[in-house]
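Here the structure comes first, spelled out in structure tokens, and everything after it is commentary.
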Amino acid sequence: MKRLAVLAALALASASAFAFHCPADMKKIDAALAKNPKLSAQQMSEVKKYRADGEALHKAGKHQESVDTLAKAMKILNVK
């Protein structure tokens, strides 16, 4: 029973960690975009779409989906 309580607490803690991860990723994307990266028009469009979608998902409380979506933009921008 104690193990179950500990696992539940860890799951909740990791969910809140993702909540704070989204804004950090958005800042990284914004900083990379401010440097005018050499991307094709299609890549730039995709990055902007993923950035906007990631923010919308974050605001909707869908943090894992937000992190995953922002990761796509970061991959295109080659941001770690």
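The values are calculated or read from the model by the stated rules, or taken from the named source; none is laboratory data. Everything numeric here is computed off the predicted structure, so don't read it as measured data. Reconstructed Cβ throughout: ideal geometry from the backbone, glycine too, with neighbour counts over all protein chains shown. Please note that ligands, DNA and RNA were not included when accessible areas were found on the heavy atoms of the full protein model with its side chains. Shrake-Rupley method; radii C 1.70, N 1.55, O 1.52, S 1.80 Å.
Quick notes on this one:
- Any pair with Cβ under 7 angstrom, 6 or more apart, that starts in segment 13-39 at a residue that is more than 14 Å from Val79 (Cβ to Cβ) and ends at one that is at pLDDT 95 or above and among the aromatic types (Phe, Trp, Tyr): none
- Pairs, first more than 14 Å from Lys28 (Cβ to Cβ) and free of Cβ contacts under 8 Å to residues at least 40 places away in the same chain in segment 56-78, second of a type outside the set (Gly, Ala, Ser) and open to solvent by 50 Å² or more (accessible area, probe 1.4 Å), C-beta under 7 Å, six or more apart: Leu57/Glu65
- Positions within segment 32-80 being over 18 Å from His21 (Cβ atoms), assigned to a helix (DSSP H, G or I) and either open to solvent by 60 Å² or more (accessible area, probe 1.4 Å) or modelled with pLDDT under 95 (or both), in sequence order: Ala34, Ala41, Gln42, Gln43, Ser45, Glu46, Lys48, Lys49
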